[in-house]
Amino acid sequence: AITALGFQFLRFGKWGCGITDKDGGFALVPKSAYVDARLRLAGTQKWYKPVAPSYEHEMDIMRDIGVCVRDLCNVLEDRQLEYAMMHKAVDAQAVRNVISTLNDTVKTHKPPGEVALRPLHSSVGSAL
């Protein structure tokens, strides 16, 4: 009963539970402060931008990956590796997997009441 009450408190209350960056634990943070920190993280860094994948976007990514693979394999002088990697680069699902999800953890070394996030890039579906 107490556990259920705790989950209900987290679900509907003003406090949320965030994964911490150092010890794998959890921190209680005000949901409004977390949302503000999340918006600051996504909005102030030029390399984070939301994307709505489209066919054109996938083709651009595929072309960029192809250039990187070709350049790398030219340096390595490895045509077999280039063939294997290019085969993967033209797979539409592989291209979709390149798009990352921006996750985060709560930094624990901040003063009480201050919420700061550590960005985590998640592209676990991509071998590239």
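The accessible area of residue 86, taken with all protein chains in place and a 1.4 Å probe, comes to roughly 50 Å². The heavy atoms of residue 32 offer some 80 square angstrom of accessible surface to a 1.4 angstrom probe. Counted residue by residue at 0.36 nm each, then reduced by the alpha carbon distance between them, the extension gain from residue 88 to residue 55 reaches 10.2 nm. In the context of the full protein assembly, residue 34 retains an accessible surface of approximately 70 Å², using a probe radius of 1.4 Å and ignoring ligands and nucleic acids.
Counted residue by residue at 0.36 nm each, then reduced by the alpha carbon distance between them, the extension gain from residue 118 to residue 7 reaches 37.5 nm. Each of 39, 81 has its accessible area taken with a 1.4 Å probe; listed largest first, they run 39, 81. The packing ranking, built from the mean of other Cβ atoms within 10 Å per residue, places the peptides 72-79, 114-121 in the order 114-121, 72-79, highest first.
Karplus-derived 3J(HN,Hα) values for segment 68-81, using 6.51 cos²θ - 1.76 cosθ + 1.60 with θ = phi - 60°, are 4, 4, 4, 4, 4, 6, 5, 5, 7, 6, 10, 6, 5, 5 Hz; glycine and proline are entered as x. Accessible area per residue (1.4 Å probe, heavy atoms of protein chains only) ranks 91, 21 as 91, 21, with the largest value leading.
The values are calculated or read from the model by the stated rules, or taken from the named source; none is laboratory data. These numbers were taken from a predicted model, which means no experiment stands behind them. Reconstructed Cβ throughout: ideal geometry from the backbone, glycine too, with neighbour counts over all protein chains shown. With ligands, DNA and RNA removed, areas are computed over all heavy atoms of the protein, side chains included. Shrake-Rupley method; radii C 1.70, N 1.55, O 1.52, S 1.80 Å.
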